[in-house]
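The values are calculated or read from the model by the stated rules, or taken from the named source; none is laboratory data. All values reported here derive from a predicted model rather than from experimental measurement. Don't worry about glycine lacking a Cβ; one is built from the backbone with ideal geometry, like all the others, and counts go over all protein chains shown.
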Amino acid sequence: MKVIAIENISRKDVPIYYRLVYAGVAVIELFNGVTGDYRIDFSIETTPLGEKQISVSLRDGIDYPLLPVLRELKKAIRGMHNDGELPD
């Protein structure tokens, strides 16, 4: 299982300044080279200590164990955030 890309990312307008909320499409390779596009919602929240907490939810059903998928999505999102690849 591998997250290939997260595409069509759009930021939702949220009045809370320490929470960034996004929607996008995750391209995921599940097994045997089979890929699929899955709509996701995710948020990045800054804690009072300055740490970033990422939460992800899948809007589409997926035929794969959910915990590994969420773990890999969070890792990909954290990398995109650290590299400044998410829209403002």
Kindly indicate the residue of the range 12-65 that is free of Cβ contacts under 8 Å to residues at least 24 places away in the same chain, within 18 Å of Met80 (Cα to Cα) and hydroxyl-bearing (Ser, Thr, Tyr) and also surrounded by the fewest Cβ atoms within 10 Å (Cβ to Cβ) among those meeting that condition. Ser57
Report the residue count in the range 15-59 for those that are among the aliphatic types (A, V, I, L, M) and over 17 Å from the mean Cα position of the chain (by Cα). 3
How about the range 36-55: which of its residues are under 14 Å from Glu72 (Cα atoms) and in contact with an Asp or Glu (Cβ under 7 Å, 6 or more places away or on another chain)? Tyr38
Mind checking which strands (runs of 3 or more DSSP E) fall wholly inside the range 15-88 and carry at least 2 residues that are at pLDDT below 95? 19-31, 34-46
